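Colleague: Following this message is one structure expressed as structure tokens.
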Amino acid sequence: MDSEPSGHQLLQERLGRRNVAMQVVRMFVGLTAAFVVARSLVELFFDTGANSNGRLAAELSIHLVLSLGALTVSSVIPIRNRNLEIAEIIASHQRHLQAHAKSQGFHRDVQQAFDMAETEDGLFEIAGDALAVAHAGPSEILVADSSQSHIDRSTVGNGHDAPGCGVSTPGSCPAVQRGQTLDFDDPNGLAACPRLRERSLPDGVRATCIPIAVLGAPAAVLHALQETPVDDRDLKIAKTQLEDAAVTFGARLGMIRAMRQSQLQADTDPLTGLLNRRATENLVRGLRRDDTPFAVAMADLDHFKQLNDTYGHDTGDRALRLFARVLQNTVRESDIVCRHGGEEFVIILPGATVITAAPVLHRLRERLADALGTATVPSFTTSLGLADSTTSHDFQEILDAADQALMRAKAEGRDRLVVGDSAAYDTAPLT
């Protein structure tokens with residue numbers, strides 16, 4: 001099918017030499033025909049012997065009327081119709097340019113807004129505002145969890161209730177399955193998405209579902225409903241803006257997750273999954289900034305070198321992972337657990353003193369003994385030294401106090417807890 005000519009093309013055609021020549025020919029033919037008809041009518045209705053002045057006036061009048069009619073039919077009407085056609089095409093192009101400028105402005109604003117989101121929650125909040133601008137009806141974005149096995153609503157277009165899509169996994173969404181935007185003009189029709197039919201939406205509601213890729217994988221979907229009738233041009237603009245929002249949202253969400261994963265890798269020990277020394281020091285600075293008291297314990301696996309030499313490094317690694325798991329299961333979620341290096345671990349308990357922290361560390365030794373009863377690694381014990389933030393305002397000095405207590409625990413026979421320079425909290429080894 002030939003494309004519609006532009007207003008500029010029609011104007012050039014209108015002013016072209018060929019068109020002007022044809023217009024002149026049509027005018028000449030029309031005037032000639034008008035003259036011939038006028039002469040014929042005069043000869044038919046006027047006596048040839050009539051007064052020559054009256055005959056001439058009648059002939060001129062008839063010729064003038066017929067000439068005006070011929071000019072109107074041959075030139076005025078075609079020119080007017082062509083000009084109206086050009087004006088309509090130019091107006092249509094102006095509307096297209098305005099819609100394009102609006103979409104470009106929306107793209108720029110969404111890109112800038114999403115780029116400022118530093119967390120997923122912040123991104124979801126901005127996305128709700130973007131959906132409200134892009135679409136006049138209810139809309140929502142559903143995002144899969146990290147396992148890709150379940151999908152939940154993450155944001156809703158502001159000013160509307162959630163459309164209520166019932167999709168539970170990314171793979172159960174037809175738009176995600178096909179990897180393309182799907183439009184449903186009849187929510188209850190045979191070809192409609194099953195999630196639409198089961199909601200029994202009113203006739204006339206139109207739905208749009210847009211798959212969203214996160215880090216290259218289909219992990220989300222944008223679902224929108226159009227409840228009130230709008231023309232096709234407005235529908236097209238809204239769909240373009242929704243697709244723009246979906247692509248930009250997926251790109252930013254992927255970047256946030258990639259940055260978080262990168263930060264997690266930078267902050268954790270690859271063998272045990274615990275925080276490393278650098279990340280722990282950053283967290284402690286936060287505790288100091290908030291004037292939060294804390295207790296610090298240093299733990300060391302007893303005779304670890306002997307275990308490595310006797311059973312091999314694989315067994316040593318399993319022992320470290322077992323101890324890290326028992327340690328994490330013993331302390332609170334708010335506590336900070338760090339692999340300090342080698343077989344040394346640091347435990348920081350915010351809000352605790354040596355008195356309240358000591359029972360936690362005794363429980364750690366007990367749970368380690370229980371875990372070793374069913375583990376596939378040889379038995380081992382741990383020695384611990386404990387101090388708290390009343391010792392000093394400098395974290396390194398507190399850590400040194402805990403380390404000195406740990407050295408005392410080892411010197412006194414291992415498999416025990418020593419608190420600072422006091423013997424009040426020393427414990428005998430488990431038997």
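The values are calculated or read from the model by the stated rules, or taken from the named source; none is laboratory data. Source: prediction; values computed, not measured. Backbone-built Cβ (ideal geometry, glycine too); neighbour counts: all protein chains shown. Surface accessibility is based on the protein's heavy atoms, side chains included, excluding ligands, DNA and RNA. Shrake-Rupley method; radii C 1.70, N 1.55, O 1.52, S 1.80 Å.
Colleague: Taking springs between alpha-carbon atoms closer than 10 angstrom, which of Ala319, Ala224, Ala162 fluctuates most in the Gaussian network model of the chain?
Modeller: Ala319
Colleague: Moving on to the next point. Counting heavy atoms of the protein chains only and a 1.4 Å probe, report the per residue accessible area for the chain as a whole number of Å².
Modeller: 55
Colleague: Just to confirm my numbers, what's the Cα centroid distance between region 112-187 and region 289-355 in Å?
Modeller: 42
Colleague: List the relative contact order of the chain as a percent without decimals, with contacts defined as Cα pairs under 8 Å and 6+ residues apart.
Modeller: 10
Colleague: Hey, another quick one. Which aspartates and glutamates have a Cα lying under 18 Å from the Cα of Lys236, excluding residues fewer than 8 positions away in the same chain?
Modeller: Within the straight-line limit of under 18 Å, Lys236 reaches these aspartates and glutamates: Asp183, Asp185, Asp186, Glu227, Asp244.
Colleague: Still on this model: How much of the accessible area of the chain, probe 1.4 Å, is carbon plus sulfur, in whole percent?
Modeller: The computed percentage sits at 55.
Colleague: So, one more: Using only C-alpha positions, report the orientation-averaged shadow area of the convex hull of region 235-350, nm², one decimal.
Modeller: Dividing the Cα hull surface by four gives the mean projection, 10.8 nm².
Colleague: Run the numbers for Asp109 and Arg197: contour at 0.36 nm per residue of separation, minus the present Cα-Cα distance, in nm.
Modeller: Full extension from Asp109 to Arg197 adds 28.2 nm.
Colleague: Separate question: Which is the longest part of the chain that has none of the GluC sites (Glu not before Pro) sitting in a DSSP loop with at most 16 other Cβ atoms within 10 Å?
Modeller: Of all site-free stretches, the longest is 1-117.
Colleague: Here's something else I'd like to know. Using the scaling law 2.2 N^0.38 Å as the reference, what is the normalised Cα Rg of the chain?
Modeller: Normalised Cα radius of gyration, the chain: 1.91.
Colleague: Right, something else. Residues with beta-carbon under 12 Å from that of Leu275, excluding Leu275: net charge, scoring Lys, Arg +1 and Asp, Glu -1?
Modeller: So the surrounding residues net to -1.
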